[in-house]
Amino acid sequence: MAIFHFSMGIISRKKGKSVVGAASYISGEKLYDRYYGRLCDNRRRQDVLYTEILLPPGAPSQLYDRNTFWNAVDDAEKRCDSRTARVIIMALPNELTHDEHILLVRTFILNNFVSLGMGADIAIHSGHRADKHLDMVKNAELVPDNPHAHVLLTTRIVGADGFNTKKERDWDKKEILIHWRSQWAQAQNQALERKGLSIRVSHESYVAQGVDKIPTKHLGRKVKALEDRGISTDYCNDNKKAIKQNRERDTKKLEKSRVYRYDREHSI
């Protein structure tokens, strides 16, 4: 079933994070990080389904090479604590095909980020880091096929001469993050509607929507890796508890509805 997930973070040198390493991780490629002087090799990944670099019109053509692009981003940052990129993780609806996922992600990124002057590196993952170990996955209900997209975004506008000397601070505002989350929900709903499906997603919390459900927590790759190895985690246990309680609530609502209909049909 389609779910809404849109999280945004920052790749920061202050925390020792490598933007070239992040690009290697999402793309499953071997890249060389000039800033840290090390090789980043993620070619063993088996879950990368699609990758692409998207740039504004007029951007230098050499930046379409992933290794060149992210090392150029590093070169544009002079501070040892620079924030080199934004990173987004977005859940993709299981109801859509792989080609529809690509169209959905590309269109959303072009319309909301590249149109502002950002450079973007997108990667679509199957949701299973190691498909050969799926037989070890317990609680399969909590670990369904989970297609999702990783997106790395530049913190500077990309022009014909490369990266601007100044960062765009407007991109840091909370209001624009809320706007992007809303746009992602809208983009998914439009794709689902085009396919003739009635299911919809919302960027708002259950409370804001007036939905009487307990929200589950997003399971990151580290938690999923532990669960795949049969190691129980608090995150997964909390999700199982929430799912059980939500089912119990749904059952009670259904029973009340049936009783109400029966009373109306048999009332004098």
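Since every read-out is calculated from the coordinates, none of them should be taken as a lab result. Note that this is a predicted model, so its numbers are computed, not measured. For neighbour counting, all protein chains shown are included, and Cβ atoms are generated from backbone atoms with ideal geometry for every residue, glycine included.
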Original post:
Which pairs do you get when a residue that is hydrophobic (A, V, I, L, M, F, W, C), found in the range 167-179, comes within reach of a residue that is in a helix (DSSP H, G or I) and loosely packed, with under 13 Cβ neighbours inside 10 Å, reach meaning Cβ atoms under 8 angstrom, with the pair 6+ apart or on two chains?
Top reply: 176/170
Original post:
In the list 85, 2, which residue meets the criterion of being surrounded by fewer than 18 Cβ atoms within 10 Å (Cβ to Cβ) and either in contact with a helix residue (DSSP H, G or I) (Cβ under 8 Å, 6 or more places away or on another chain) or at positive phi (or both)?
Top reply: 2
Subject >> Filtered residues of the range 46-82 (kept if surrounded by 14 or more Cβ atoms within 10 Å (Cβ to Cβ) and more than 25 Å from the chain's Cα centre (by Cα)) >> reply: 59, 60, 76, 77
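When the residues of the range 150-203 are narrowed to those that are in a loop (DSSP other than H, G, I, E, B) and among the small types (Gly, Ala, Ser), which ends up surrounded by the most Cβ atoms within 10 Å (Cβ to Cβ)?
Per the criteria, the residue is 202.
Provide a single number: the residues in the range 18-35 that are charged (D, E, K, R) and buried (at least 17 other Cβ atoms within 10 Å of the Cβ). So that I can check it myself, show each step before the final result.
Step one: list which residues in the range 18-35 are charged (D, E, K, R), which gives 29-30, 33-34.
If we keep only those that are buried (at least 17 other Cβ atoms within 10 Å of the Cβ) too, we end up with 29, 33.
Residues that pass the stated criteria total 2.
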